[in-house]
Amino acid sequence: MKKDKLPIILGIFFSLAIITFLIYIREGKPTYYSHLYYIPIIVAAFYCGLRVSLIVAILASTLYVPFNLTLFSKIFSSEVATEGLIVRSIVFLTVALVSGFYTEIEKKRKEKAEGCLDDYLFFQKISGSILSTLDLEKLLDEILKFSCDIIKGTERGLILFKGDQGNTVKIGSVYGYSKEMKGRVVESTDPHIKYLFQSKEASVFLGSKINEHRHCLSQILENPEDSKSASVIEAPIVFGGCVRGVIILHNMSSHDAFSQKDANLLQSVVEQVAVSIQNAELYKGTQQKAAEFTILYEVGKAFASTLDLEKLLNFMLECCLNTMEADTGSIMLLDKNTNTLKINAAKGINKETKGVTSLKQGESVAGWVAMKGEPLLLGDLSKDPRFKHLKGRDDICSALSVPLKIKDDIIGVINIGSRSQRKFSYDDLRFLSTLATQAAVSIHNAQLFDQLEIFYMETVKAFAETIEAKDSYTRGHSDNVAKYSIEIAKKMKLTGEETGALHTAALLHDIGKIGVKEAILNKSTNLNDEEYELVKKHPRIATQIIGSIPKLKEVVPLILHHHERYDGNGYLAGLKGENIPFGSRILAVADSFDAMTSKRPYRKALSVEEAIQELLKNSGKQFDPEIVSVFVGLIREKFRNTRNVKYFASVQS
């Protein structure tokens with residue numbers, strides 16, 4: 001072999017090494033590069049002679065057929081004729097090439113079969129997962145995960161899903177993004193959102209097309225960096241010819257970009273799971289309807305159980321906030337006299353909103369709803385041109401406002417809002433409107449009952465005044481007792497509710513005397529036993545008159561027992577000490593003091609000091625000693641300041 005052929009031989013072997021390396025990095029698949037071996041073979045034959053080229057060819061053919069040692073040894077033998085060597089080599093190489101051709105075909109078939117088997121196993125696996133769940137959120141998560149697994153190179157993905165009425169789009173599932181993005185809702189009327197839902201076929205976005213897609217997607221993701229990608233696959237989820245959702249997969253590497261084949265595979269996945277998604281959505285809707293009916297039934301029972309307007313409004317607001325998973329809310333009732341809305345129940349509202357105690361119709365969100373008589377679904381209030389000028393609403397990202405109506409008559413408005421990622425839907429608006437319709441009837445009934453109670457109370461007070469009018473000696477007695485009682489209540493730190501009940505009881509404590517003959521009440525001499533027994537019945541008669549009024553439930557026992565004695569010798573029940581209602585014990589002291597300091601047909605009025613001595617004398621016997629001590633202290637303090645001996649009017653101020 002000549003020295004000038006040595007570089008060529010080295011180059012040939014270097015070429016063979018390069019080709020072998022290419023085959024190696026293709027994971028041992030010679031299909032694409034094995035024929036390159038014949039280039040150095042031809043070069044070897046041209047420069048190095050027939051025998052060298054045959055050596056290279058035989059070595060190359062070992063990719064497909066076993067190494068032929070006999071033929072290889074004959075190449076170096078000078079005894080073998082060139083013509084015979086050529087024939088044998090051609091036959092051998094032909095067999096090698098044919099064998100290689102069929103080997104490659106068989107490998108392709110095997111790879112295709114393995115691919116089909118993988119796809120079959122994948123679809124079988126995903127089908128099993130889908131058939132095992134009717135939870136829509138869980139189903140979407142599994143579909144997205146499977147899609148990202150089967151489409152190689154996927155780094156991030158999400159599923160967008162339209163609401164039942166198609167007015168909103170929700171991020172139903174995320175992969176590779178922050179989990180906080182899941183559940184985010186946007187209006188489907190946005191042109192950018194419509195763009196994402198316009199195609200009914202799977203598409204691949206590359207190059208310049210990806211910029212437009214990225215711009216549209218950024219409207220949902222909010223952070224523009226989240227929409228960056230080198231290639232994107234978008235596959236629509238179609239029900240009944242309408243696009244209800246979209247699966248979007250992202251690839252960040254331009255070297256391994258998605259292809260149309262990937263898009264077709266994803267579309268196959270979507271077509272298989274679409275029916276399952278629809279079934280899960282129907283199941284979710286059925287569950288939601290069942291839950292709504294249950295809530296409406298329970299709420300209806302609760303509404304029917306009370307006619308206390310304050311309790312009713314607070315219960316309804318609590319129910320709405322819990323059902324809607326809201327953070328803030330209020331119920332405003334319309335004052336027909338001033339034509340303004342006033343907050344009657346509220347929770348979670350800020351100081352600015354709470355400071356607005358009343359609104360005219362047309363003002364703010366609630367005023368707009370009251371004026372229009374229509375429910376309202378709002379997103380970010382700061383972006384709504386109708387209400388962006390409102391202060392103190394910047395933290396509300398979603399809100400519902402629904403009118404309370406009796407037929408066409410507006411009686412109020414319910415408002416609820418969300419400060420979190422919770423975005424209300426039209427389904428929420430519909431359900432809140434249903435609750436409001438049911439609540440409006442109960443609220444209206446409670447208002448009517450309140451009016452009846454007020455009318456009844458005015459009537460009862462009129463009776464009390466009529467009784468006092470019969471006797472000039474007792475005129476103003478109930479008012480005096482009420483004012484004394486309030487002073488004692490304040491000093492002894494009773495609650496607002498306890499003080500209110502005590503005040504009402506003091507005003508009405510003698511109303512039962514309407515059932516006692518006037519002659520007995522105005523008798524100038526001592527009563528006989530029979531007459532005294534009739535007078536003793538007046539607490540019972542009083543409770544029979546007012547006992548049917550729910551709001552006076554706390555007042556009834558105070559009036560019934562205001563003639564009990566601390567030592568147990570009073571009437572009607574003969575209660576003793578702490579067993580006597582505390583309000584009744586206060587009434588006993590206030591009633592006795594005013595009676596003693598007032599003129600009667602059968603005696604003169606006692607002085608303030610004389611009345612005080614009587615109270616102290618009977619402390620622990622007829623009266624509660626603690627109450628006597630407090631009341632006497634009040635009287636003496638006021639008396640020192642006013643020197644008003646007769647009715648001690650300063651106590652009544």
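The values are calculated or read from the model by the stated rules, or taken from the named source; none is laboratory data. Note that the structure is predicted; figures quoted are calculated from it, not measured. Note that we place each Cβ from the backbone using ideal geometry, even for glycine, and neighbour counts take in every protein chain shown. Note: areas computed on protein heavy atoms with side chains; ligands, DNA, RNA excluded. Shrake-Rupley method; radii C 1.70, N 1.55, O 1.52, S 1.80 Å.
Being farther than 15 Å from Q272 by Cα, modelled with pLDDT of 80 or more and surrounded by fewer than 22 Cβ atoms within 10 Å (Cβ to Cβ) narrows it down to one of C216, C242, so name that one.
Checking each option against the conditions leaves just C242.
Just one of D594, D567, D510, D529 is surrounded by fewer than 22 Cβ atoms within 10 Å (Cβ to Cβ), at pLDDT 85 or above, in contact with a helix residue (DSSP H, G or I) (Cβ under 9 Å, 6 or more places away or on another chain) and acidic (D, E); which is it? Can you show your working first?
Working: D594 fails: surrounded by fewer than 22 Cβ atoms within 10 Å (Cβ to Cβ); D510 fails: surrounded by fewer than 22 Cβ atoms within 10 Å (Cβ to Cβ); D529 fails: in contact with a helix residue (DSSP H, G or I) (Cβ under 9 Å, 6 or more places away or on another chain).
None of the others qualify; the one that does is D567.
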Would you check if there is a residue in segment 338-351 being part of a helix (DSSP H, G or I) and either open to solvent by 60 Å² or more (accessible area, probe 1.4 Å) or touching a residue at least 60 places away in the same chain (Cβ under 8 Å) (or both)?
yes
If Y473 meets every condition in (1) open to solvent by 70 Å² or more (accessible area, probe 1.4 Å); (2) assigned to a helix (DSSP H, G or I); (3) at pLDDT below 80 apart from one, which number is that one?
(2)
Quick one: in segment 260-311, of everything that is charged (D, E, K, R) and closer than 25 Å to V204 by Cβ, which residue is surrounded by the most Cβ atoms within 10 Å (Cβ to Cβ)?
D262
Going by the structure shown, is T168 open to solvent by less than 30 Å² (accessible area, probe 1.4 Å), within 20 Å of S425 (Cβ to Cβ), of a type in the set (V, I, T) and at pLDDT 65 or above?
yes
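Please verify whether T437 is hydroxyl-bearing (S, T, Y), surrounded by 12 or more Cβ atoms within 10 Å (Cβ to Cβ) and at pLDDT 80 or above, treating the condition exactly as stated. First the steps, then the outcome.
On the way: hydroxyl-bearing (S, T, Y): yes; surrounded by 12 or more Cβ atoms within 10 Å (Cβ to Cβ): yes; at pLDDT 80 or above: yes.
So T437 fits the description; yes.
Take the residues in segment 424-434 that are of a type outside the set (A, V, I, L, M, F, W, C) and either crowded, with 20+ Cβ neighbours inside 10 Å or touching a strand residue (DSSP E or B) at 6+ places or on another chain (Cβ under 8 Å) (or both), then tell me which one is farthest from A399 (Cα to Cα). Even if it seems obvious, please write down each step before you answer.
We begin by selecting, within segment 424-434, every residue of a type outside the set (A, V, I, L, M, F, W, C); these are 425-428, 430, 433-434.
Now drop any that are not either crowded, with 20+ Cβ neighbours inside 10 Å or touching a strand residue (DSSP E or B) at 6+ places or on another chain (Cβ under 8 Å) (or both), which leaves 425-426, 428, 433.
Values: S425: 10, Y426: 11, D428: 10, S433: 13 Å.
It comes out as S433.
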Segment 179-204 residues that are at pLDDT 70 or above, paired with ones that are of a type in the set (S, T, Y) (beta carbon under 6 Å, 6 or more apart):
V185/T168
Pull up segment 410-423, narrow it to residues that are open to solvent by 10 Å² or more (accessible area, probe 1.4 Å) and under 15 Å from the mean Cα position of the chain (by Cα), then point me to the one that is modelled with the highest pLDDT.
N415
Can K493 be described as in a loop (DSSP other than H, G, I, E, B), over 23 Å from Q622 (Cβ atoms) and basic (K, R)?
yes
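Return yes when A611 is at pLDDT below 90, surrounded by 14 or more Cβ atoms within 10 Å (Cβ to Cβ) and over 57 Å from the mean Cα position of the chain (by Cα) and no when it is not.
Values: at pLDDT below 90: no; surrounded by 14 or more Cβ atoms within 10 Å (Cβ to Cβ): yes; over 57 Å from the mean Cα position of the chain (by Cα): yes.
No, not satisfied.
Please count how many residues of segment 585-607 are touching a residue at least 40 places away in the same chain (Cβ under 8 Å) and either in contact with a strand residue (DSSP E or B) (Cβ under 6 Å, 6 or more places away or on another chain) or over 16 Å from H477 (Cα atoms) (or both). Please lay out each step first, then the result.
Taking segment 585-607 and keeping what is touching a residue at least 40 places away in the same chain (Cβ under 8 Å), we get 585-587, 589-591, 593-595, 597-602, 605.
Restricting the remaining residues to those that are either in contact with a strand residue (DSSP E or B) (Cβ under 6 Å, 6 or more places away or on another chain) or over 16 Å from H477 (Cα atoms) (or both) gives 585, 589, 602.
Count: 3.
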Within segment 372-380, can one find any residue that is within 27 Å of S420 (Cβ to Cβ), of a type outside the set (D, E, K, R), at pLDDT 85 or above and not in a strand (DSSP E or B)?
yes
In segment 316-335, which residue that is open to solvent by 40 Å² or more (accessible area, probe 1.4 Å) and either touching a residue at least 60 places away in the same chain (Cβ under 8 Å) or out of contact with any strand residue (DSSP E or B) (no Cβ under 9 Å at 6 or more places or on another chain) (or both) is nearest to K360 (Cα to Cα)?
D327
Count of residues meeting criterion [surrounded by 15 or more Cβ atoms within 10 Å (Cβ to Cβ) and of a type in the set (S, T, Y)] in segment 532-564:
1
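Residues in segment 128-163 that are among the hydroxyl-bearing types (S, T, Y), open to solvent by less than 30 Å² (accessible area, probe 1.4 Å) and modelled with pLDDT under 75: how many?
Matching residues across segment 128-163 total 2.
Within segment 513-526, can you find the residues that are assigned to a helix (DSSP H, G or I) and loosely packed, with under 10 Cβ neighbours inside 10 Å? Please lay out each step first, then the result.
Residues of segment 513-526 assigned to a helix (DSSP H, G or I): 513-515, 518-521.
A519 - this is the single residue of segment 513-526 that is assigned to a helix (DSSP H, G or I) and loosely packed, with under 10 Cβ neighbours inside 10 Å.
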Given the condition on the phi < 0 side of the Ramachandran plot, of a type outside the set (A, V, I, L, M, F, W, C) and in a helix (DSSP H, G or I), answer yes or no: does some residue in segment 301-309 qualify?
yes
Checked segment 614-627 for anything within 24 Å of I486 (Cβ to Cβ) and open to solvent by 50 Å² or more (accessible area, probe 1.4 Å); matches are E614, L616, Q622, P625, E626
Options F463, F431: the member that is at pLDDT 80 or above and outside any strand (DSSP E or B)
F431
